[in-house]
Amino acid sequence: RRRCAVLISGRGSNMAALLAAAANPAYPAEIVLVLANKAGAGGLARAAEAGIPTAIVESRPFGRDRAAFEAAMEAELAQHGVELIALAGFMRVLTEGFVSRWAGRMVNIHPSLLPSFPGVDTHARALAAGVRLHGCTVHLVTPGVDEGPIIAQAAVPVLAGDDEHSLGARVLEQEHALYPAALALVAQGRVRVEGARAVVADQPGPDAAAL
Ligand code: GAR
């Protein structure tokens with residue numbers, strides 16, 4: 001099983017969905033570390049309850065020195081033998097150096113149907129734009145924020161009377177199913193990048209161990 005770290009900044013409901021999936025020994029990734037950049041991240045307690053090692057690397061004290069913050073994170077990742085990273089509500093933008101070191105081995109979940117609505121406040125922006133479909137995306141992380149090759153998406157309807165909370169809750173339910181499924185594809189070595197696109201193989205590749 002691929003050794004995976006989940007990086008969080010907040011409540012960690014997607015992290016919890018990944019932990020639940022990985023609790024099955026047949027799941028192709030094992031969550032070996034939950035790392036938060038905020039000591040108050042609610043997900044830390046949930047991870048600890050599940051018996052998963054946790055680490056806090058506070059980003060705030062590093063100020064604008066993102067490379068130093070990332071070096072501190074790399075030390076934790078190395079200590080736990082991490083091979084794959086899943087960003088799950090991790091609200092820090094990573095440097096190009098960090099992203100390229102983890103190219104093809106780091107995924108993110110974003111609460112919109114990318115390339116629509118990158119960035120924050122996606123549900124309010126979807127409502128303001130009047131779209132009839134909204135959803136979530138799991139993608140490989142590249143230096144451009146929310147721009148990496150798309151691995152999987154799930155769509156939900158926007159209903160009359162929705163506000164950002166009702167719409168966000170409908171999307172979040174889909175996130176919890178989509179993320180474990182998409183991370184499994186990466187852990188099985190089934191995701192290959194062709195230009196700007198990710199191509200997903202039907203079967204785990206012979207080089208699944210090499211990613
Ligand atoms: C999720 O909706 C996730 O898609 C989003 O933050 C929320 C975290 O919730 N991520 C981003 O906006 C990334 N830019 P969670 O902590 O309960 O998983």
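The values are calculated or read from the model by the stated rules, or taken from the named source; none is laboratory data. Bear in mind the structure is a predicted one, so any value in this text is a computation, not a measurement. For neighbour counting, all protein chains shown are included, and Cβ atoms are generated from backbone atoms with ideal geometry for every residue, glycine included. Remember, those area values only see protein heavy atoms, side chains included, never the ligands or the DNA or RNA. Shrake-Rupley method; radii C 1.70, N 1.55, O 1.52, S 1.80 Å.
Using Cα-only point scatterers and the Debye equation, what is log10 of I(q)/I(0) for the chain at each q in 0.09, 0.16 Å⁻¹, rounded to two decimals? Debye curve over Cα of the chain, log10 I(q)/I(0) at q = 0.09, 0.16 Å⁻¹: -0.33, -1.09.
Peptide packing: for 57-64, 186-193, 144-151, the average count of neighbouring Cβ atoms within 10 Å per residue gives the ranking 186-193, 144-151, 57-64, highest mean first. Computed about the Cα centre, the dipole magnitude for segment 1-75 is approximately 140 debye when only Lys and Arg (+1) and Asp and Glu (-1) carry charge, each at its Cβ.
Its residue count N fixes a reference of 2.2 N^0.38 Å for segment 26-99, and the Cα radius of gyration divided by that reference is 1.11. Heavy atoms of the protein chains alone define the surface here; on that basis the chain has 47 Å² accessible area per residue at 1.4 Å probe size.
Here the accessible area of the chain is 54 percent carbon and sulfur, with a 1.4 angstrom probe and all protein chains present.
At 27 angstrom or more along the helix axis (alpha-carbon based) and mean Kyte-Doolittle of 0.0 or higher, what helices does the chain contain? Whole DSSP H runs only. The qualifying helices are 164-187. Computed over the chain, the per-residue total of -39500 (n - 2.57) for DSSP H runs of n ≥ 4 gives a 222 nm mean residue ellipticity of -10000 deg cm²/dmol, rounded to 500. The ratio of the alpha-carbon radius of gyration of segment 142-190 to the globular-protein estimate 2.2 N^0.38 Å is 1.41.
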